[in-house]
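Since every read-out is calculated from the coordinates, none of them should be taken as a lab result. Source: prediction; values computed, not measured. Every residue, glycine as well, gets a Cβ built from its backbone with ideal geometry; the counts of neighbours run over all protein chains shown.
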Amino acid sequence: MRHGKKTINLGRKSAHRKSMLANMACSLIEHKRINTTSTKAKALKRFIEPIITKSKSDTTHNRRLSFSLLRDKEAVSELFREIASKVGDRPGGYTRIIKLGNRLGDNADMSMIELVDFNEVYKTDEKVKKKSRRRGGKSKSVASTADSSNTVTLEDEKGAVPELEEKIETVVQNSAPEKEAEVKKTKVKKSENKDGE
C-alpha cells in the first residue's frame, strides 16, 4: 500500500533526485523558464517555492539554507538579489506550469515551468481593481445616469452649446459666398457654351 508517501520519486534514488532538482532549480533561476516533463515540473515547483519564500528575508541563515539545497553560489546570489525583490509582495505561487503537449520521441507529457513575475506577456503595470459585490448595484447606476444628465443641463446654462451654434453659423456664412461665386461661374460658362454653338 502507498500511504503517506509524499515525495515524487521520479524513478531515481534520493541522491540523484536531489541533485537533479537542485540543477533544475538553478536553471530556472538563471533562465526564468525551462521546458521539462510535467512530473518533473510538479516536483520542481514543490522544491523551489519554499526556497523563494526563504529568499524574501535576506539573512545569513536563509542564504545558507538555500545554498544547502541549490549548491550553486551564483544561483543563490541571483535568487536573493533579483528574484526576491520581484516577488516581495506575492504571498506564494511564484511559479506557473504550462502544458506543452507530448514529446515526439517517447510521447512524454511536456510542460514549461516559469517564474510568474518574470513573464512579460502576462505582466500589467496597473493593479487589478477588486470588484465589489453588491446586490443593489442597479440603483447606483441609475443615480449615475441622472448625474450625467444634470451635467448636460449645466453646460447649457453656462452657454457652451450656444457658443457652438454661433461658430457653426459663422462657418456656414463664410462658405455661403464661395458657393454663390461657384454657381455664378457655372452659369457664365453655360451661357458662353450656348453662345459659342
- prompt: To the nearest 0.05, what FRET efficiency results for ASP106 and LYS86 with a Förster distance of 35 Å applied to their C-beta separation?
  reply: 0.50
- line: The distance between the Cα centres of segment 43-85 and segment 96-124, in whole Å, is 22
query: What ranking do 39-49, 56-66 get when scored by the average of other Cβ atoms within 10 Å per residue, highest first?
result: 39-49, 56-66
message: At R0 = 25 Å, how high is the FRET efficiency between GLU30 and LYS5 if r is their beta carbon distance? Nearest 0.05 is fine.
response: 0.20
task: With a 10 Å radius around each residue's Cβ, average the other Cβ atoms per peptide and rank 68-78, 101-111, highest first.
output: 68-78, 101-111
- request: With label points built 7 Å along Cα→Cβ from the Cα atoms of SER57 and ASN23, find their separation and express it in nm.
  value: 3.4
field: Relative contact order for segment 14-118, counting Cα pairs under 8 Å that sit 6 or more residues apart, in percent
entry: 36
- request: Output the pairs from LYS45/LYS73; LYS40/LYS131; LYS86/LYS131; LYS5/LYS73 with a Cα-Cα distance over 29 Å in this structure; if there are none, say none.
  value: LYS40/LYS131; LYS5/LYS73
